[in-house]
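Here, each number is a calculation from the coordinates, and none is a lab measurement. Predicted, not measured: the structure shown is a model, and the values here were computed from it.
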Amino acid sequence: MTTPAPIQFTTLVGAALEAIRRDLGLTQRQAAARLGWSQATLSLMENGRTGVRVEQLARWAAALGVAPSAVLAQAEALGALAEAEGRTVLFDAATSAGDEVDRAALRALVAAARQG
């Protein structure tokens with residue numbers, strides 16, 4: 001049996017941003033417009049291709065009417081589910097552009113968090 005690949009916490013934050021945005025019924029384009037960001041920037045964050053800085057998280061939360069702690073709590077819940085699947089959550093470095101993010105696994109974690 002192979003060990004599941006580790007996952008960066010910044011990737012989980014991106015997945016949490018996406019899940020909450022979708023729960024609010026917003027497209028990436030709509031959320032990006034509220035933020036004054038490009039859709040590409042938001043996509044990179046949500047897909048774990050770039051880390052989310054604290055000031056970006058605060059701006060995102062304020063623009064979408066969500067507490068930053070809610071985003072982090074969602075990311076923490078996703079991390080707990082990932083660990084239950086045997087994955088290691090890494091907190092020491094941002095995901096680099098060359099790292100592949102398993103979007104299907106992230107979607108499964110988000111779905112499990114919503115059910116739990």
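Less than 5 angstrom separates the built amide H of ILE7 from those of THR88, VAL89, LEU90, all sequence-distant by 5 or more or on a different chain. Two numbers describe the Cα atoms of the stretch 1-80: Rg and Dmax, which are 12.6, 46 Å.
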